[in-house]
Amino acid sequence: MERLDKRLAGTGKWSRKEARELVRAGRVSVEGVPCCAPERKVDGAALVLVDGVPIPPSEPVYLMLHKPAGVVSSTSEPGERTVLDLLGEAYQNIGLFPAGRLDKDAEGLLLLTNDGPLAHRLLAPKSHVDKVYYVEVDGELDGEDVEAVRAGVTLGDGTACLPGELEPLPGGRAAYVTIREGKYHQVKRMLASQGKPVTYLKRVRFGPLVLDEGLAKGDWRPLNDRELEVVFSQ
Ligand code: URA
């Protein structure tokens, strides 16, 4: 946490004195609320606007997004709505990117950050970070599928997957799948190779982060202190 006037001066655009004057003149808001107190303590990732224009955060930003179907997990793609389009204007030009991808038709937990080293650590194949998906399939998942996933499925093109976990839910038409790598369309291809194509896919966990079911599809929020702690201890 740092003083608001210091945070503004830290951008190099204003001296500390000018920053104090800006705040006192009512031209600054913090997290959407006007603030006239230069001594107010703000988080380095807090959204600070001067005359309605965001200043870059002084610390990296970590957001949890509940990705809806129909948007792509990239920062820009012609003709497509991206996950960045779901964020407010203040989050457009601060280097945010999704740590890992979800297919366009998939839903669920996506971590958006501008902390490259952290994302790299979470995504590095050798980190084997668990990803858990809720899936629905065409067919009935059974003990053979559970065993196949536990042993490591070989995909249609001969690619071998690391052992994962499949926990069918009663009736076998839905399940939780855990994988520790991130091959292209991996879960869909694993279950397709078992003859049980995926009809719905939602990521519910990414490493130590659990999707906040209080977030409606398309909504997002900054990670809370507890989540930051577990992400950094990963
Ligand atoms: N596996 C898939 O098939 N799709 C995803 O989006 C993520 C994992």
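When only residues in region 153-185 that are open to solvent by less than 20 Å² (accessible area, probe 1.4 Å) and not in a strand (DSSP E or B) count, which is farthest from the ligand (Cβ to nearest atom)?
G172
Return the residues of region 186-214 that are crowded, with 19+ Cβ neighbours inside 10 Å and among the aromatic types (F, W, Y); say none if nothing qualifies.
Matches in region 186-214: F206 only.
Confirm whether E147 is out of contact with any helix residue (DSSP H, G or I) (no Cβ under 6 Å at 6 or more places or on another chain) and more than 16 Å from the ligand (Cβ to nearest atom).
Criteria met by E147.
Please indicate, with yes or no, whether at least one residue in region 69-90 is of a type in the set (V, I, T) and open to solvent by 30 Å² or more (accessible area, probe 1.4 Å).
Of region 69-90, the ones of a type in the set (V, I, T) are 71-72, 75, 82-83.
In the following step, the residues that additionally are open to solvent by 30 Å² or more (accessible area, probe 1.4 Å) were identified as 75.
Scanning region 69-90 turns up at least one residue that is of a type in the set (V, I, T) and open to solvent by 30 Å² or more (accessible area, probe 1.4 Å).
Can you give me the number of residues within region 215-234 that are open to solvent by 70 Å² or more (accessible area, probe 1.4 Å), in a helix (DSSP H, G or I) and touching a residue at least 24 places away in the same chain (Cβ under 8 Å)?
So the answer is 1.
Can you tell me which of L110, L118 is more than 16 Å from the ligand (Cβ to nearest atom) and open to solvent by less than 20 Å² (accessible area, probe 1.4 Å)?
Going through L110, L118 in turn, the sole match is L118.
When you scan region 160-195, how many residues do you find that are at pLDDT below 95 and either among the β-branched types (V, I, T) or in contact with a Cys (Cβ under 6 Å, 6 or more places away or on another chain) (or both)?
Qualifying residue count, region 160-195: 0.
Of the numbered conditions (1) within 16 Å of the ligand (Cβ to nearest atom); (2) open to solvent by 10 Å² or more (accessible area, probe 1.4 Å), V135 fails exactly one; give the number of that condition.
Condition not satisfied by V135: (2).
Considering only residues that are within 15 Å of the ligand (Cβ to nearest atom), out of contact with any strand residue (DSSP E or B) (no Cβ under 6 Å at 6 or more places or on another chain) and closer than 24 Å to H66 by Cβ, which ones fall in region 121-132?
Within region 121-132, L122, L123, V129 qualify.
The values are calculated or read from the model by the stated rules, or taken from the named source; none is laboratory data. Quick caveat, the model's predicted, so the values are computed rather than measured. Neighbour counts are summed over all protein chains in view; Cβ atoms, including those assigned to glycine, are modelled from backbone coordinates with ideal geometry. Side chains included, ligands, DNA and RNA excluded: accessible areas come from the protein's heavy atoms. Shrake-Rupley method; radii C 1.70, N 1.55, O 1.52, S 1.80 Å.
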